[in-house]
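Visitor: Following this message is one structure expressed as structure tokens.
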Amino acid sequence: MNEIAFTSLQEVSSGSYEWAVKVRVLRKWRGVSNTGKEFKGFNLLLLDTQNCRLPGFVPALIAQNYERKIVVGNIYALSNFTIKDYKPDDKFRCVCCEKQIYFTNFTEVEAIAEDGVMIAHDMFDFSDLGDLTDIADDNTYLTDVIGVIQKDFPLRKFVNKNGVSQVQMKFEITDGRCYGTVTFWDSLAEEFELALKTVSVHPAIVIVASAKITSWQKKVDIANVTATTFYLNYAHHSVSDLRQMLGSPLFSKCDFSSQIPETFEEHGIESVKTLGVEYLNMEVVCELKIILIVNMDWYRAECSSCYREISVVDGEYKCIVCNRDVPFADKKFQVLVEALDEKEHIELSLNDRTIRKLIGKTVDELLEKGETQEKVPSLLRALEGKWYSAKLKISPLNIEVPSSFFYVSDMFELGGSFRSSTSTPSAASEEACEHEFNTFGWA
Ligand SMILES: [Zn+2]
């Protein structure tokens with residue numbers, strides 16, 4: 001491969017197919033027809049050592065020869081391809097250029113090892129959020145933007161006027177000076193919602209690459225087309241630069257509070273029991289060890305209409321209030337446990353969601369395995385003797401009667417070695433504990 005003279009992407013042109021280029025594949029996405037039904041081929045975004053980006057296209061007819069072979073992030077030698085010049089009215093070009101690489105039957109693709117090849121892992125060409133009004137609705141070229149997420153709205157699912165189901169997610173970004181509204185549609189909306197939930201650094205910084213800019217009533221909207229993708233808290237200098245600027249006066253007027261996860265006060269059991277009325281309905285976090293599952297009735301059945309607890313009358317679940325049989329009663333965990341820390345003990349009520357999260361099974365699944373209401377299943381017994389971080393919600397009764405049981409709204413197990421204060425407290429275990437807490441933290 002070394003003897004081949006590679007041409008830069010800048011220099012390749014139509015009129016010849018005897019090109020060889022050395023490129024990193026930055027992105028790959030499937031192209032579909034305007035109706036969204038027909039697969040037309042797949043698109044590539046390529047970058048070379050000169051920091052030149054060029055789109056590539058592999059037509060549907062030969063797509064299967066290449067689609068698997070070409071992996072995003074890898075470097076390839078491409079040869080024997082043609083160059084197609086864009087027509088003036090070709091829209092949505094993912095980078096600002098007038099040509100693209102067009103694969104033919106004869107195009108050769110050879111993977112090149114990473115070592116010694118100086119091609120960046122990414123490249124963006126950002127437009128300033130303040131300049132988007134000027135380029136809106138043209139869309140010959142798609143646009144890269146970057147911003148700090150300041151606000152996000154819940155995923156919206158609806159049926160559009162053509163009777164098609166759609167999903168939409170909106171969020172607002174800022175660079176400290178200007179703001180932009182991003183609207184993601186359909187699968188990208190769902191992907192983004194999920195990704196935003198799992199970011200660990202807040203507020204998150206997003207890069208929206210190859211976005212379509214539209215305007216409506218003088219308001220600019222940043223939206224996705226098939227070429228669009230996003231990067232959250234991406235390892236790129238543009239992101240770290242913006243992160244550093246967050247502390248500067250430029251951002252002093254921005255309100256990121258909705259993007260910072262709630263934190264909870266930590267208390268020992270003794271202290272939990274002395275919390276005053278100012279803690280009413282608040283949640284606090286407590287490290288404790290479950291020592292005993294107290295109740296034998298480990299689940300309750302609910303009426304599927306009125307959600308009241310119901311019981312079996314003459315071999316059949318009946319709701320007295322609704323006056324009917326409930327053949328498919330919802331069964332939910334309802335577990336009372338005794339727990340303690342170094343100083344005190346406490347009674348806790350664990351709800352269905354918490355138990356399901358801890359043991360990974362539903363009541364119905366346990367009953368199907370042959371468990372009965374009369375005996376606490378071994379999977380539940382297995383919760384005993386372990387340390388947990390529990391989120392307790394302070395009820396009016398808790399404030400009046402400190403010995404009353406506390407409702408747990410969420411709970412996760414602390415790995416045995418992470419428990420710091422009773423065993424050997426070392427810097428390492430403190431750190432591990434902290435890490436554990438953040439990883440499974442209270443989202
Ligand atoms: Zn009922």
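Visitor: If only one of ASN65, ASN51, ASN43 is outside any strand (DSSP E or B), polar (S, T, N, Q) and over 20 Å from HIS236 (Cβ atoms), which one is it? Break it down into steps so the answer makes sense when it comes.
Guide: Numbers: ASN51 fails: over 20 Å from HIS236 (Cβ atoms); ASN43 fails: outside any strand (DSSP E or B).
So the residue among ASN65, ASN51, ASN43 that is outside any strand (DSSP E or B), polar (S, T, N, Q) and over 20 Å from HIS236 (Cβ atoms) is ASN65.
Visitor: In the list ALA120, ALA113, which residue meets the criterion of being free of Cβ contacts under 8 Å to residues at least 40 places away in the same chain and open to solvent by less than 70 Å² (accessible area, probe 1.4 Å)?
Guide: Only one candidate passes the filter, namely ALA113.
Visitor: Somewhere in the range 42-54, is a residue open to solvent by 20 Å² or more (accessible area, probe 1.4 Å) and among the aromatic types (Phe, Trp, Tyr)?
Guide: There is no residue in the range 42-54 that is open to solvent by 20 Å² or more (accessible area, probe 1.4 Å) and among the aromatic types (Phe, Trp, Tyr).
Visitor: Residues of the range 328-355 being within 32 Å of the chain's Cα centre (by Cα) and of a type outside the set (A, V, I, L, M, F, W, C), which ones? Quick ask: steps written out before the conclusion?
Guide: First, pick out the residues of the range 328-355 that are within 32 Å of the chain's Cα centre (by Cα): 330-335, 348-355.
Within the range 328-355, ASP330, LYS331, LYS332, GLN334, SER349, ASN351, ASP352, ARG353, THR354 qualify.
Visitor: Kindly establish whether VAL363 is under 31 Å from the mean Cα position of the chain (by Cα) and away from the ligand (no atom under 16 Å from the Cβ).
Guide: Details: under 31 Å from the mean Cα position of the chain (by Cα): yes; away from the ligand (no atom under 16 Å from the Cβ): yes.
It is true that VAL363 is under 31 Å from the mean Cα position of the chain (by Cα) and away from the ligand (no atom under 16 Å from the Cβ).
Visitor: Take VAL363 and tell me if it is assigned by TED's automatic domain parsing to the domain that holds VAL408, under 30 Å from GLU342 (Cβ atoms) and not aromatic (Phe, Trp, Tyr). Can you show your working first?
Guide: Details: assigned by TED's automatic domain parsing to the domain that holds VAL408: yes; under 30 Å from GLU342 (Cβ atoms): no; not aromatic (Phe, Trp, Tyr): yes.
No, not satisfied.
Visitor: Please go through the range 302-336 and pick out each residue that is closer than 30 Å to SER378 by Cβ, open to solvent by 50 Å² or more (accessible area, probe 1.4 Å) and of a type in the set (A, V, I, L, M).
Guide: VAL312, VAL313
Visitor: Regarding the range 284-302, can at least one residue be identified that is modelled with pLDDT under 90, farther than 23 Å from ILE359 by Cα and of a type in the set (S, T, N, Q)? Spell out the reasoning first.
Guide: Just the residues of the range 284-302 that are modelled with pLDDT under 90, to begin with: 294-297.
With farther than 23 Å from ILE359 by Cα added as a condition, the list becomes none.
Taking every residue of the range 284-302 in turn, none turns out to be modelled with pLDDT under 90, farther than 23 Å from ILE359 by Cα and of a type in the set (S, T, N, Q).
Visitor: Which one of the conditions (1) without any contact (Cβ under 8 Å) to a residue 24 or more places away in the chain; (2) of a type outside the set (A, V, I, L, M, F, W, C); (3) open to solvent by less than 40 Å² (accessible area, probe 1.4 Å) does GLN259 fail to meet, given that it meets all the rest?
Guide: With respect to (1) without any contact (Cβ under 8 Å) to a residue 24 or more places away in the chain; (2) of a type outside the set (A, V, I, L, M, F, W, C); (3) open to solvent by less than 40 Å² (accessible area, probe 1.4 Å), GLN259 is out only on (1).
Visitor: Kindly list, by first and then second residue, each pair from a residue in the range 233-246 that is at negative phi to a residue that is open to solvent by less than 70 Å² (accessible area, probe 1.4 Å) and assigned to a helix (DSSP H, G or I), limited to pairs with Cβ atoms under 9 Å and residues at least 6 apart or on different chains.
Guide: MET245/PHE251
Visitor: Kindly provide the set of residues from the range 215-227 that are at pLDDT below 95, over 20 Å from the mean Cα position of the chain (by Cα) and not aliphatic (A, V, I, L, M), ordered by number.
Guide: Selection gives SER215, TRP216, GLN217, LYS218, LYS219.
Visitor: Could I ask something else about it? State whether the residues of the range 190-201 include one that is more than 30 Å from PHE57 (Cβ to Cβ), within 20 Å of the chain's Cα centre (by Cα) and touching a residue at least 60 places away in the same chain (Cβ under 8 Å).
Guide: Looking through the range 190-201, at least one residue is more than 30 Å from PHE57 (Cβ to Cβ), within 20 Å of the chain's Cα centre (by Cα) and touching a residue at least 60 places away in the same chain (Cβ under 8 Å).
Here is a yes/no grid of residues against (1) in contact (Cβ under 8 Å) with a residue 60 or more places away in the chain; (2) aliphatic (A, V, I, L, M):
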{"site": "ILE4", "(1), (2)": "yes, yes"}
{"site": "SER14", "(1), (2)": "yes, no"}
{"site": "LYS37", "(1), (2)": "no, no"}
{"site": "ASP48", "(1), (2)": "yes, no"}
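Visitor: Still on this structure: Looking at the range 285-327, which of its residues are away from the ligand (no atom under 14 Å from the Cβ) and β-branched (Val, Ile, Thr)?
Guide: Selection gives VAL285, ILE290, ILE291, ILE293, VAL294, VAL312.
Visitor: Just one of (1) in contact (Cβ under 8 Å) with a residue 40 or more places away in the chain; (2) buried (at least 16 other Cβ atoms within 10 Å of the Cβ) trips up MET169, so point out which.
Guide: Status for MET169: all satisfied but (1).
The values are calculated or read from the model by the stated rules, or taken from the named source; none is laboratory data. These numbers come from a predicted model, not from an experiment. FYI the Cβ positions are ideal-geometry reconstructions off the backbone, even for glycines, and counts take in every protein chain you see. Keep in mind that these areas ignore ligands, DNA and RNA; they rest on the heavy atoms of the full protein, side chains included. Shrake-Rupley method; radii C 1.70, N 1.55, O 1.52, S 1.80 Å.
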